[in-house]
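Notes to accompany the following structure.
The values are calculated or read from the model by the stated rules, or taken from the named source; none is laboratory data. As the structure is a computational prediction, the values presented were derived from the model and not from experiment. So basically every Cβ, Gly included, is an ideal-geometry build from the backbone, and we count neighbours across all protein chains shown.
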């Protein structure tokens, strides 16, 4: 997913515009008010009743020039409230993302725009991602956005398969959690003429979803077993043979402090700039 560090950019923007606004209020506003008072004192306000008079025009021109703010102050006052609202919403409430790859197909398609709940797993400080208020822990089957161990500045999205303390096995397309195979129900073998993959329905915790498994193992269909350490999670994509995830990383576990939030809904689909947005896939993510 996106590599631009928007939290850092927003934090800097809010800090700088807020600092300029504060400096103006504490330092620049006083002299400006005195200039305004001096400009008003030059005119007899009793003779300003005629708005078409030259005296009235000179009065308002003088007051306007005295009250004029520096350009940087004017822009900071305009941008600070907007940046602050976006900062608070994006950091503590919800954040939009676009799906760039097919690792979560068929649950999420390339071009899906999703909404990520930022407070489900606890409130975190922006940029450093430090949890300050615990709320809930990730549950098995959640679709989660996080920073993987090997790319700590890149957003990834996968499904939570292993919780702290779990033993995970993956062998010949069969997923086992703590020695128990995850039940699957065949939905379809596609395409009908020349079958290449099968769609199976799986249930993890409270989540029931469709996973894609190719009939022939792909380059990402790693086999192995893993013991999830405390404070870490094991992540796997729904497109099991085309997902570079915990099964293939040198460090397979996502630490708790690298969690971004829970993907909760698709709100738009847009393939490219040269196509029209679609709302056919809008809905909750299971």
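Tabulated data
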item: Filter result for the condition that a residue is on the phi < 0 side of the Ramachandran plot, in the same structural domain as residue 21 (by TED's automatic domain parsing) and modelled with pLDDT of 90 or more, over 63, 86; result: 86
item: From 283, 231, residue being free of Cβ contacts under 8 Å to residues at least 60 places away in the same chain, on the phi > 0 side of the Ramachandran plot and surrounded by fewer than 19 Cβ atoms within 10 Å (Cβ to Cβ); result: 283
item: Set 126, 164: member being in contact with a helix residue (DSSP H, G or I) (Cβ under 7 Å, 6 or more places away or on another chain) and assigned to a loop (DSSP other than H, G, I, E, B); result: 126
item: Matching residues, the range 172-186, being surrounded by 12 or more Cβ atoms within 10 Å (Cβ to Cβ), over 25 Å from residue 262 (Cβ atoms) and without any contact (Cβ under 8 Å) to a residue 60 or more places away in the chain; result: 174
item: Residue within the range 197-214 that is touching a helix residue (DSSP H, G or I) at 6+ places or on another chain (Cβ under 8 Å) and at negative phi present; result: no
item: Within the range 95-112, considering residues that are within 13 Å of the chain's Cα centre (by Cα) and surrounded by fewer than 18 Cβ atoms within 10 Å (Cβ to Cβ), the one farthest from residue 9 (Cα to Cα); result: 98
